[in-house]
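The values are calculated or read from the model by the stated rules, or taken from the named source; none is laboratory data. Since we're looking at a predicted model, the values are computed, not measured. Don't worry about glycine lacking a Cβ; one is built from the backbone with ideal geometry, like all the others, and counts go over all protein chains shown.
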Ligand code: NAX
């Protein structure tokens with residue numbers, strides 16, 4: 001029998017975790033033969049609610065779920081972790097300045113980055129879901145000097161999958177038929193959902209869609225604003241779909257993907273994107289946590305200017321949290 005993989009989930013009493021944990025326990029991330037241990041981190045105030053979630057996990061009698069640790073201590077939560085889902089974050093409170101929200105989150109991710117660096121496996125892979133996801137991933141990584149930069153990614157997979165669903169509806173194709181789609185930039189409304197390279201069953205999607213008005217005035221804004229659209233309809237933010245995206249992000253990262261997927265990763269300067277900010281880019285995952293950014297695709301002026309706008313926002317976020325970045 002395989003040794004259990006250790007998965008840490010933060011914000012474990014929250015809405016996204018409530019979908020995510022049960023799917024992890026049923027083997028949807030690593031497959032039906034891979035046992036897992038869960039280590040769940042929450043704020044002290046939420047420990048009782050988390051106990052309730054643990055009781056439900058027990059009641060699921062999941063054959064693959066070997067052990068559960070519940071804690072409000074980061075070092076205990078990240079101990080020997082193979083994979084971490086950094087979901088817990090502090091939402092902007094009423095009337096709070098965006099800069100203050102960024103700083104509060106930066107403090108959380110600074111502590112967690114340090115802790116991961118200290119106690120997790122050296123091969124640990126971390127996905128940041130909690131917002132502002134890109135900047136939080138940057139903070140965590142900068143505070144984890146012994147962990148490779150490429151081991152911290154920000155989740156833009158929900159944006160990616162939202163876009164695939166809109167495209168498949170528009171051209172009446174299967175989601176699996178679509179490839180070479182990309183989300184660029186920040187996980188925010190400045191993101192750039194980029195259809196310019198996309199193919200549908202090998203044919204150029206732009207030609208099949210033949211509707212620039214739809215692309216620029218419906219598709220792009222809809223994907224950018226989809227989070228708000230869900231909140232307006234549901235009265236709560238996306239949770240089950242976010243959990244699904246987090247699971248796919250990790251599964252593809254660990255097991256590989258033959259198509260393009262979008263992930264927020266540390267820029268090495270490709271396409272003129274400033275180094276050192278975590279930007280969404282198209283990548284291919286080769287398995288075992290290895291991935292390659294899709295390089296040298298032609299970039300139109302239109303695409304470049306949309307990407308730059310989102311990178312400007314990331315640089316602004318970075319400047320707001322600069323005190324929490326080590327030199
Ligand atoms: P909830 O408020 O339901 O849950 C968050 C949980 O995190 C709470 O239980 C809270 O106690 C906990 N928490 C806060 N600070 C913590 C800390 N320092 N350590 C451990 N736990 C901590 O939010 P939920 O709906 O689950 O969303 C979680 C995060 O995901 C939010 O930041 C949200 O904005 C973000 N999202 C990101 C998405 C993405 O695509 N990247 C999409 C969905 C979602 O909006």
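Some points to look at:
- Segment 16-91 holds strands (runs of 3 or more DSSP E) entirely within its bounds, and those carrying 1 or more residues that are over 23 Å from the mean Cα position of the chain (by Cα) map to 65-71.
- For segment 76-93, filtering for residues that are surrounded by 14 or more Cβ atoms within 10 Å (Cβ to Cβ) and within 26 Å of residue 290 (Cα to Cα) leaves 11.
- Residues being over 17 Å from residue 22 (Cβ atoms) and in contact with a helix residue (DSSP H, G or I) (Cβ under 7 Å, 6 or more places away or on another chain) are represented in segment 91-98 by at least one member.
- Breaking point among (1) in a loop (DSSP other than H, G, I, E, B); (2) at pLDDT 95 or above; (3) on the phi < 0 side of the Ramachandran plot, for residue 258: (2)
- Residue 299, sole failed condition from (1) in contact with a strand residue (DSSP E or B) (Cβ under 9 Å, 6 or more places away or on another chain); (2) surrounded by 15 or more Cβ atoms within 10 Å (Cβ to Cβ): (1)
- Flag if residue 53 is closer than 18 Å to residue 121 by Cβ and either away from the ligand (no atom under 15 Å from the Cβ) or modelled with pLDDT of 95 or more (or both): no
Residues checked against (1) touching a residue at least 24 places away in the same chain (Cβ under 8 Å); (2) in contact with a strand residue (DSSP E or B) (Cβ under 7 Å, 6 or more places away or on another chain):
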site	(1), (2)
202	no, no
210	no, no
213	no, no
217	no, no
222	yes, no
230	no, no
240	yes, no
245	yes, no
253	yes, yes
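- From the options 305, 310, residue that is part of a helix (DSSP H, G or I), in contact (Cβ under 8 Å) with a residue 24 or more places away in the chain and either crowded, with 19+ Cβ neighbours inside 10 Å or not assigned by TED's automatic domain parsing to the domain that holds residue 148 (or both): 310
- Test: residue in segment 201-223 that is within 12 Å of the ligand (Cβ to nearest atom) and under 29 Å from residue 87 (Cβ atoms): yes
- Test: residue in segment 275-295 that is surrounded by fewer than 15 Cβ atoms within 10 Å (Cβ to Cβ), away from the ligand (no atom under 16 Å from the Cβ), assigned to a helix (DSSP H, G or I) and modelled with pLDDT of 95 or more: no
- Any hit, segment 23-40, residues being within 10 Å of the ligand (Cβ to nearest atom), touching a strand residue (DSSP E or B) at 6+ places or on another chain (Cβ under 7 Å), closer than 28 Å to residue 132 by Cβ and touching a residue at least 60 places away in the same chain (Cβ under 8 Å): no
- Of everything listed in (1) in contact with a helix residue (DSSP H, G or I) (Cβ under 9 Å, 6 or more places away or on another chain); (2) within 16 Å of the ligand (Cβ to nearest atom), the single unmet condition for residue 45 is (1).
- Listed by first and then second residue, the pairs linking a residue in segment 147-172 that is free of Cβ contacts under 8 Å to residues at least 60 places away in the same chain and within 14 Å of residue 248 (Cβ to Cβ) to a residue that is more than 10 Å from the ligand (Cβ to nearest atom) and assigned to a helix (DSSP H, G or I), with Cβ atoms under 7 Å apart and 6 or more places separating them unless they lie on different chains, are 164/175; 165/175.
- Residue among 137, 182, 120 that alone is out of contact with any helix residue (DSSP H, G or I) (no Cβ under 7 Å at 6 or more places or on another chain) and under 24 Å from residue 30 (Cα atoms): 137
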